[in-house]
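Taking it in order: structure first as structure tokens, then the write-up.
Bear in mind these aren't lab numbers, they're just calculated from the coordinates by the rules spelled out. Remember, it's a predicted structure, so these values are computed and weren't measured experimentally. Because the Cβ atoms are built from the backbone with ideal geometry, glycine has one as well, and the counts that use them run over all protein chains shown.
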Amino acid sequence: MVNSAGEFPLSCRIIALVQERNRLFSYPLDHLAERIRETGFCCISCGACCTRIRNGHVFLLDRDAEAARSIDPSSLVPAPDPEFCDQNGTFYVSGYSLRTRGDAAGSCWFLRDGRCRIYPRRFMVCRTYPYMLRRVVDEQGTPDWRFIARLYQHGRSGHRIQPEECRRIALETREYENALLMHEITFLEFMRGYLLEEGLYHDPVQYARSLHRAAAGDPVTIMVYFDQGLEEQVVGAGGVGRMSSLSFC
């Protein structure tokens, strides 16, 4: 992120993500497979993970965003919480998310009657969920690893999973976490060069103003990082949607 003095603390963020990626590959895959076996998560087709009741939004890697666009272009919206806003009031976000429907649960665009209508073609994040491999820090500042999202809030635990299946899930989970980290790294590297070349900088004041305009339903421009470049989207006033808390749903 660039400040008004023209400095680039972005480099520190990139280094931190590279270090996080290194830790990801240092974690023994067999340990993750064992955690998966111990948990024994079993999907019961409750559909909870496909709604905002359990998940704020579904971020898509580029390959999945491309697949979603080929199925239904209207299924894509800019991901929430843009990372940057330049001095002209333009937002920059790291990718696309799946649109949700206007029902009370905030159901995924592809959820119909409690079932995924593109299940055989579901995206990588959907295939690996609820498994994860992420290092988090608790309120006391103690680092630890998380392996599963919202345990006991959906699905069922205690299911018997064969060792080879546990290892397959562990491998796919690590592959997704790596792809997610690499996506964020390449986005930040791209933005570091783009802002410098275009004579732009992140402007916190404009960020707040643009958020206020968007919340009022006024059109705002969002540049979405996709396929190593930027795609322009307009939210509000006939654009891809209203910006309710920047969830674009």
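Ordered by packing density, taken as the mean number of other Cβ atoms within 10 Å over each peptide's residues, highest first, how do 87-93, 189-195, 143-149 rank? Walk me through the numbers on the way to the answer.
Numbers: 87-93: 18.9, 189-195: 16.7, 143-149: 14.3.
So the peptides 87-93, 189-195, 143-149, ranked by packing, come out 87-93, 189-195, 143-149.
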Exercise for review: Would you mind computing the Rg to Rh ratio of the range 91-140 from its alpha-carbon coordinates, Kirkwood style for Rh?
Suggested key: 1.07
Exercise for review: Under 15 Å from a label point 7 Å along Cα→Cβ of Ile44: give me every residue in the range 152-193 with its amide N that close.
Suggested key: 152-160
Review point. Dipole size in debye (nearest 20) for the chain around its Cα centre, Lys and Arg Cβ +1, Asp and Glu Cβ -1?
Key: 1180 debye
Check your understanding: Once you put a point 7 Å from the Cα of Ala16 and another 7 Å from the Cα of Ala216, both along the Cβ direction, what distance in nm separates them?
Key -> 3.3 nm
Review point. Taking N as the number of residues in the range 1-131, what is its Cα Rg relative to 2.2 N^0.38 Å?
Key: 1.30
Review point. Using every alpha carbon pair in the range 24-88, what percent of pairs falls into each 10 Å bin from 0 up to the bin containing the largest distance?
Key: 15, 25, 36, 21, 4, 0
Point to revise | Which of Thr221, Thr100 has the fewest Cβ neighbours within 10 Å, and the rest in rising order | key: Thr221, Thr100
Point to revise | Normalised convex hull volume, the range 10-235, alpha-carbon set, Å³ per residue | key: 149 Å³
Exercise for review: Could you check which residue among Ile222, Ile71, Ile169 shows the biggest mean-square fluctuation in a GNM of the chain with a 10 Å Cα cutoff?
Suggested key: Ile71
Review point. Can you give the three extents of the C-alpha atoms in the range 75-117 along their principal axes, from longest to shortest, in whole Å?
Key: 44, 18, 11
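What's the Cα-based Rg to Rh of the range 112-249, Rh via Kirkwood?
Details: Rg = 19.8 Å, Rh = 19.0 Å.
With Rg and the Kirkwood Rh in hand, the quotient comes to 1.04.
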